[in-house]
1. Kindly check whether there is at least one residue in the stretch 348-360 that is modelled with pLDDT of 95 or more, within 24 Å of M428 (Cα to Cα) and open to solvent by less than 50 Å² (accessible area, probe 1.4 Å).
2. Looking at V375, V301, V342, can you tell me which residue is more than 18 Å from the chain's Cα centre (by Cα), outside any strand (DSSP E or B) and either within 29 Å of N235 (Cα to Cα) or aliphatic (A, V, I, L, M) (or both)?
3. Just wondering, is there one or more residues in the stretch 247-267 that are small (G, A, S) and more than 29 Å from S67 (Cα to Cα)?
4. If you go through the stretch 99-125, how many residues are part of a loop (DSSP other than H, G, I, E, B) and at pLDDT 90 or above?
5. For the subset of the stretch 152-205 comprising residues that are among the polar types (S, T, N, Q) and in a loop (DSSP other than H, G, I, E, B), which member is farthest from N63 (Cα to Cα)?
6. Which condition number does R247 fail, the rest of (1) closer than 30 Å to S182 by Cβ; (2) open to solvent by 40 Å² or more (accessible area, probe 1.4 Å); (3) charged (D, E, K, R); (4) outside any helix (DSSP H, G or I) being met?
7. Any residue in the stretch 299-308 that is surrounded by fewer than 21 Cβ atoms within 10 Å (Cβ to Cβ) and among the aliphatic types (A, V, I, L, M)?
8. Identify, by number, the condition in (1) more than 18 Å from the chain's Cα centre (by Cα); (2) part of a strand (DSSP E or B) that R311 doesn't meet.
Amino acid sequence: MHGRCCACMNPGARPDQAAGVDVGPVTAAPRFGIARVEVRGFRSVRAVSFAPGQLCALVGEANAGKSNLLAAIRAVLDPAAAPLSPADAPEGGDGEVAIRVTLAGGGVAALAGTPGRHAVTGPALPPVLFLPADARAGAVLADRSPQGQEVPPAVEIFRSALAHDRRTSTEQALSVIDALESCCARGLSGLLLLIEEPELYLRPQAQRYLYRLLREFALAGNQVVYSTHSPAFLNVARLDELVFVERRPQTGTRALQPEPVSADEDFRVMTEFDAARSELFLARAVVLVEGLTEKLVLPFVFSALGYDVDREAISIIECGGKPNIPLFARICRATGVPFVVVHDSDRKASGGFAAAERALNALIADTVGGEGMIVLDPDFEAVAGLVGHSRKPERAWREFASRPSADMPEPLVRVAERAISLSRAETMKRSAVPRSQGFLPNASSPRALQ
């Protein structure tokens, strides 16, 4: 895997005025909080390190170990509220736990030993507030104040906002937004906020708004580290803010922190990636296509072969045009997401290519590689047997919705089979992880892979 294992807003602008536009980075090296985390022998984590910035998203499937990484941070920085217990030692290990946190202002906090006998060492630690997922429907805050320190004003705001009885889980979740709005309005700083799944119980619009609030809160001199399953909380233009977490039976929890996109590509990424496209980070495999027509048609091809793309955790991502395919492919490769690319050759009727098309085809081939690419020659219409280009998405959708399985075009069948192969391979790598982590191969499928 590539990467390193291991919109920001104007502080004076209100988050709801930013309309989701990212106008700059949250500083990669945090000014406050923690600069590096190293964990060994803690729950599902055998050996993981990563470098959180002011805002850091732990991204991965259920049971991958995201919450365990948050718990490891809290075990070092707030041991009075989160003491090490026998459940924190991994099965089959020697019982030794080692957690090392490098602070942004200098110094190292460390926990070493066994659950029954260990020591926590280090300088003065930043105040920590933990919002756990399992309590979101009721009392949202962690049980105790951070280390018995003087309680920061931001913590008092959260406690006040969350102390009121709420009729529904949604109202309780919205109280987190209320607290963040108050903190941002007062410009409060100096708090490390750990959140499990901030998207819980919130409608999509509220999720996007909460994400912008978290960014503003981080910019004010705080640090936010959160786990998530929601594309609304993934800023693709800031890949260095994302830590991809996965769990495999042989290695336990692993973390991949990709390199940031280049300066000349960050605007393109910001404008091309919406929540639907950001879904690729949560997929077992991705099919990258030029546009809407292929996105609408391919699910029928999968279905004709006995597969359901959602059950197989496959995302079909339309890239907004052929020129964007190399960008999407590079991001998939940087984040370790298996992918297959489908595009037209755009060969002329004479058999030749325009210079621009020849150059673009070569760029895609160089970026993707032969095995990950299927070329439709000369284009989708010819391969699918469609005549003319008018109303292409609608005509293709209607045609493939009723087309018999035996009449599916062979190149599109290869696309589906390649994507299934990639998804099943990822599933098998994680096959010893509990089923709740994701869908397993469907042995009853008429074309299930052996």
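The values are calculated or read from the model by the stated rules, or taken from the named source; none is laboratory data. Just so it is clear, the structure is predicted and the values come from calculations on it, not from any experiment. Reconstructed Cβ throughout: ideal geometry from the backbone, glycine too, with neighbour counts over all protein chains shown. These area figures cover heavy atoms from the full protein model, side chains too; ligands, DNA and RNA do not enter into them. Shrake-Rupley method; radii C 1.70, N 1.55, O 1.52, S 1.80 Å.
1. No, the stretch 348-360 contains no residue that is modelled with pLDDT of 95 or more, within 24 Å of M428 (Cα to Cα) and open to solvent by less than 50 Å² (accessible area, probe 1.4 Å).
2. Values: V375 fails: outside any strand (DSSP E or B); V342 fails: outside any strand (DSSP E or B).
Matching residue, one of V375, V301, V342: V301.
3. Yes: one or more hits.
4. Residues of the stretch 99-125 part of a loop (DSSP other than H, G, I, E, B): 104-107, 115-116, 122-125.
So of that shortlist, the ones also at pLDDT 90 or above come out as 104, 107.
The number of residues fulfilling the criteria is 2.
5. Looking at residues that are among the polar types (S, T, N, Q) and in a loop (DSSP other than H, G, I, E, B), I get S189.
6. Result: R247 passes all but (1).
7. Residues of the stretch 299-308 that are surrounded by fewer than 21 Cβ atoms within 10 Å (Cβ to Cβ), as a first pass: 299-300, 303-306, 308.
Next, from what is left, pick out any that are among the aliphatic types (A, V, I, L, M): 304-305.
Checked against the condition, which is being surrounded by fewer than 21 Cβ atoms within 10 Å (Cβ to Cβ) and among the aliphatic types (A, V, I, L, M), the stretch 299-308 yields at least one hit.
8. With respect to (1) more than 18 Å from the chain's Cα centre (by Cα); (2) part of a strand (DSSP E or B), R311 is out only on (2).
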